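*Asks:* Dropping a structure here in structure tokens format, bear with me for questions.
The values are calculated or read from the model by the stated rules, or taken from the named source; none is laboratory data. This is a predicted model, so every value here is computed, not measured. When we count neighbours, we look across all protein chains shown, and the Cβ atoms used for this are built from the backbone with ideal geometry, even at glycine.
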């Protein structure tokens, strides 16, 4: 066993896997012997049952051309793993023809176990995608490779969308004018340059706004504004930019969240050009972002309900293609946000303009942009302070508004929060000054109930309204967090230790009986990571809400090492992936309500070992928080 383990640790990319996982892999390997010159695989014909690791002898590898001549002959020897690229990127068909030479023996690993490793270990997975990318730079190799014809045929065809950076897309030149330019000259400039968006600069040359065809229609023609007025009077905002090192999917999601159609592109801090949402969407005809666009165009609550019912299928397709769980979370959240915005705008249209500026914010998993398919409503409202004689009128409006929004969301599929943590509850719709008092009271009291409130409301995220109100509240909270908070953080840490990973003393997964199954609660298993990271975010005043983004910020501050960051982020999103897959199957195949109970017997041995490794990571970090915040290693 020791010699086999040492051999497997020398094989790329198996060398990146933990020893516990490698030992399980050894149990799954089948030893196979081949006769001399035996043809094993034919290019683009033979279906790969899995991958093969050469333990003795060698493979002859080549392409046949149209006249059956061997092309690009290569030899693979001991320690080479063949088949990974074929399984992942070529519809499970062998990319090359393979012939065994004399005395060849291999270890065979079935593709279901191989794919489980790819799903669980990103570095392992990306070894094959990187190798394929390197090989495809060779024109002759690329000529012989038959790419998958549809996304569904390809395990990671979505790599084009989810791994493509903005720098690969040529942006359009930024056409601009000064803020004093008359409106009619702006329209003329747009016509001359054949652009539908023109940017406005102030006297210092900074971009401060933009004008589109829609701007001219809504802000000028519809309002009968004289066209000799300066364009500054009618221009739109906000100005949003993104680095060319960000991914295409991030750019599209940013556009949806900010309700904009144009995005400025930065390179090394300098503006390089502009790109439109239509252009990005036009290149993603089969992506979920076209679906998100259709959600934004829905015209009734019934249509929004129908759209939400399609989300489980999209989630299942994305996960089956190898898309990472954090990206799937973002897709779900963006669809959810788009639905909520349509509902809010519809209610305002019915009730009339609000009597005060306000913010509608979301909390919990939605606030963290970590929604799953089992989601309920967690939201609240902050409105600006008004004079005494107006307070009752303002409050009456927003409570009625919140009730209508909540009822429509429930009808669409976002069920009422059982704990009543919704804006329709008078407890969670208040003025800005009242919310400030709430936060101070919660921090100063530091009892279990108030600690839970801080935990929930620290995960709040703006979704609609006057963003400056939320910024003022966050700045106020920042000042409060700057005070000595040892007692408060102690209680927050204890709250983070409430759930323990379901791992027994003997390293087995602890389960309980539900119906005919032995299960554990996946959500509870993930909660320690969310809670632990939140405690550190509070301590270091990091106001990002997403767990992954908080981890990234904590790593940049030196709170977590690169190793700690990698272990935690991988553990969290591995559990999230299992949770999303399970819920999608429940909705699509079982036609049942999704839940968080998980039967360990439903996964492979490798996945089970990975699960145990994940729980060990969580245990280690709970120990870290015990020592740092409660000064105890015994609970």
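*Asks:* Can you find a residue in segment 170-179 that is in contact (Cβ under 8 Å) with a residue 40 or more places away in the chain, outside any helix (DSSP H, G or I) and touching a helix residue (DSSP H, G or I) at 6+ places or on another chain (Cβ under 7 Å)?
*Replies:* Looking through segment 170-179, at least one residue is in contact (Cβ under 8 Å) with a residue 40 or more places away in the chain, outside any helix (DSSP H, G or I) and touching a helix residue (DSSP H, G or I) at 6+ places or on another chain (Cβ under 7 Å).
*Asks:* If I go through segment 296-326 residue by residue, how many of them are at pLDDT 85 or above and either under 19 Å from the mean Cα position of the chain (by Cα) or under 17 Å from residue 578 (Cβ atoms) (or both)?
*Replies:* 10
*Asks:* Let me ask you something else. Of the numbered conditions (1) within 21 Å of residue 370 (Cα to Cα); (2) surrounded by fewer than 18 Cβ atoms within 10 Å (Cβ to Cβ); (3) at pLDDT below 90, residue 483 satisfies every one except a single condition; which is it?
*Replies:* If we test residue 483 against (1) within 21 Å of residue 370 (Cα to Cα); (2) surrounded by fewer than 18 Cβ atoms within 10 Å (Cβ to Cβ); (3) at pLDDT below 90, just (1) comes out false.
*Asks:* Please report, ordered by residue number, the helices (runs of 4 or more DSSP H) entirely within segment 540-635 with at least 3 residues that are out of contact with any strand residue (DSSP E or B) (no Cβ under 9 Å at 6 or more places or on another chain) and more than 23 Å from residue 509 (Cα to Cα).
*Replies:* 547-556, 562-588
*Asks:* Working carefully through the options 218, 236, find the one that is surrounded by fewer than 18 Cβ atoms within 10 Å (Cβ to Cβ), modelled with pLDDT of 90 or more, closer than 28 Å to residue 350 by Cβ and in contact with a strand residue (DSSP E or B) (Cβ under 8 Å, 6 or more places away or on another chain). Working first, answer last.
*Replies:* Values: 218 fails: in contact with a strand residue (DSSP E or B) (Cβ under 8 Å, 6 or more places away or on another chain).
Exactly one of 218, 236 is surrounded by fewer than 18 Cβ atoms within 10 Å (Cβ to Cβ), modelled with pLDDT of 90 or more, closer than 28 Å to residue 350 by Cβ and in contact with a strand residue (DSSP E or B) (Cβ under 8 Å, 6 or more places away or on another chain), namely 236.
*Asks:* Could I ask something else about it? Report, by residue number, each residue of segment 180-215 that is surrounded by fewer than 19 Cβ atoms within 10 Å (Cβ to Cβ) and assigned to a helix (DSSP H, G or I).
*Replies:* Correct list: 184, 185, 187, 188, 189, 191, 192, 193, 213, 214.
*Asks:* For segment 455-473, state whether one or more residues are crowded, with 20+ Cβ neighbours inside 10 Å, modelled with pLDDT under 90, touching a strand residue (DSSP E or B) at 6+ places or on another chain (Cβ under 9 Å) and outside the structural domain of residue 528 (by TED's automatic domain parsing).
*Replies:* Within segment 455-473, one or more residues are crowded, with 20+ Cβ neighbours inside 10 Å, modelled with pLDDT under 90, touching a strand residue (DSSP E or B) at 6+ places or on another chain (Cβ under 9 Å) and outside the structural domain of residue 528 (by TED's automatic domain parsing).
*Asks:* Can you confirm whether segment 390-412 contains a residue that is at pLDDT 90 or above and assigned to a loop (DSSP other than H, G, I, E, B)?
*Replies:* Scanning segment 390-412 turns up no residue that is at pLDDT 90 or above and assigned to a loop (DSSP other than H, G, I, E, B).
*Asks:* Are any residues in segment 30-45 surrounded by fewer than 18 Cβ atoms within 10 Å (Cβ to Cβ) and either without any contact (Cβ under 8 Å) to a residue 12 or more places away in the chain or not in a strand (DSSP E or B) (or both), and if so, which ones? Quick ask: steps written out before the conclusion?
*Replies:* Taking segment 30-45 first, the residues surrounded by fewer than 18 Cβ atoms within 10 Å (Cβ to Cβ) are 30-33, 35-39, 42, 45.
Selection gives 35, 36, 37, 38, 42, 45.
*Asks:* Sticking with this structure for a sec: Looking at 386, 374, which is the one that is surrounded by fewer than 17 Cβ atoms within 10 Å (Cβ to Cβ) and at negative phi?
*Replies:* On inspection, the qualifying residue turns out to be 386.
*Asks:* To continue, here is another question. State which residue pairs qualify: first residue closer than 16 Å to residue 523 by Cβ and inside segment 492-504, second residue in a loop (DSSP other than H, G, I, E, B) in any location, beta carbons under 6 Å apart, and separation of 6 or more residues or different chains.
*Replies:* 502/510
*Asks:* Taking residue 17, is it surrounded by 13 or more Cβ atoms within 10 Å (Cβ to Cβ) and in contact (Cβ under 8 Å) with a residue 24 or more places away in the chain?
*Replies:* So residue 17 passes the test.
*Asks:* Restricting to segment 568-593, what's the tally of residues that are free of Cβ contacts under 8 Å to residues at least 60 places away in the same chain and within 13 Å of the chain's Cα centre (by Cα)?
*Replies:* Of the residues in that region, 2 qualify.
*Asks:* Now, a different point. Yes or no: residue 353 under 30 Å from residue 437 (Cβ atoms), assigned to a loop (DSSP other than H, G, I, E, B) and assigned by TED's automatic domain parsing to the domain that holds residue 426?
*Replies:* Yes, satisfied.
*Asks:* From the list 387, 353, which one is without any contact (Cβ under 8 Å) to a residue 24 or more places away in the chain and more than 29 Å from residue 307 (Cα to Cα)?
*Replies:* Matching residue, one of 387, 353: 387.
*Asks:* Tell me, which helices (runs of 4 or more DSSP H) lie completely within segment 92-155 with 3 or more residues that are over 28 Å from residue 71 (Cβ atoms) and at pLDDT 80 or above?
*Replies:* Hits in segment 92-155: 111-120, 122-136.
*Asks:* Quick one: would you say residue 260 is under 27 Å from residue 200 (Cα atoms), surrounded by 16 or more Cβ atoms within 10 Å (Cβ to Cβ) and either in contact with a strand residue (DSSP E or B) (Cβ under 6 Å, 6 or more places away or on another chain) or at pLDDT below 85 (or both)?
*Replies:* Values: under 27 Å from residue 200 (Cα atoms): yes; surrounded by 16 or more Cβ atoms within 10 Å (Cβ to Cβ): yes; either in contact with a strand residue (DSSP E or B) (Cβ under 6 Å, 6 or more places away or on another chain) or at pLDDT below 85 (or both): no.
When the stated conditions are applied, residue 260 does not pass them.
*Asks:* What helices (runs of 4 or more DSSP H) completely inside segment 232-313 contain at least 1 residues that are under 17 Å from residue 215 (Cβ atoms)?
*Replies:* 248-258, 277-282
*Asks:* Please work out if residue 131 is more than 17 Å from residue 61 (Cα to Cα) and either out of contact with any helix residue (DSSP H, G or I) (no Cβ under 7 Å at 6 or more places or on another chain) or surrounded by fewer than 19 Cβ atoms within 10 Å (Cβ to Cβ) (or both).
*Replies:* no
*Asks:* Does segment 336-344 contain any residue that is under 30 Å from residue 176 (Cβ atoms), in the same structural domain as residue 463 (by TED's automatic domain parsing) and either touching a strand residue (DSSP E or B) at 6+ places or on another chain (Cβ under 8 Å) or part of a helix (DSSP H, G or I) (or both)?
*Replies:* There is at least one residue in segment 336-344 that is under 30 Å from residue 176 (Cβ atoms), in the same structural domain as residue 463 (by TED's automatic domain parsing) and either touching a strand residue (DSSP E or B) at 6+ places or on another chain (Cβ under 8 Å) or part of a helix (DSSP H, G or I) (or both).
*Asks:* Same structure again: Got a sec? Which of 398, 414 is in contact (Cβ under 8 Å) with a residue 12 or more places away in the chain and in contact with a helix residue (DSSP H, G or I) (Cβ under 9 Å, 6 or more places away or on another chain)? I'd like the intermediate steps shown before the answer.
*Replies:* Numbers: 398 fails: in contact with a helix residue (DSSP H, G or I) (Cβ under 9 Å, 6 or more places away or on another chain).
Only one candidate passes the filter, namely 414.
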